[in-house]
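Written below as structure tokens is the structure these notes are about.
All of the numbers you see were taken from the coordinates with simple rules; none came from a lab. Source: prediction; values computed, not measured. Virtual Cβ from ideal backbone geometry, glycine too; neighbours counted across all protein chains shown.
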Amino acid sequence: MQNESRVLFKTTSERYAAVEAAIRALHGYELPAIHAIPFEHVYVPYGEWIAANSTGE
């Protein structure tokens with residue numbers, strides 16, 4: 001039996017495709033469970049932090 005872990009990645013809508021592609025390329029499963037949950041409301045400084053740290057650099 002293989003152990004599983006849930007991992008949470010925070011990114012912007014613009015970076016989602018790159019994050020999904022990286023997960024698919026690195027994940028060992030044929031069909032990894034990848035979910036996107038959009039923020040309806042977010043504390044502004046936190047949203048700014050996500051945007052600033054999701055540049056892909």
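Annotations
- Reduced Cα scattering model of the chain, Debye log10 I(q)/I(0), q = 0.16 Å⁻¹: -0.59
- Two-site label geometry, Val42 and Asn3: point separation in nm, points 7 Å out along Cα→Cβ: 3.1
- Subtracting the Cα-Cα distance of Tyr29 and Trp49 from their residue separation scaled by 0.36 nm leaves 4.1 nm.
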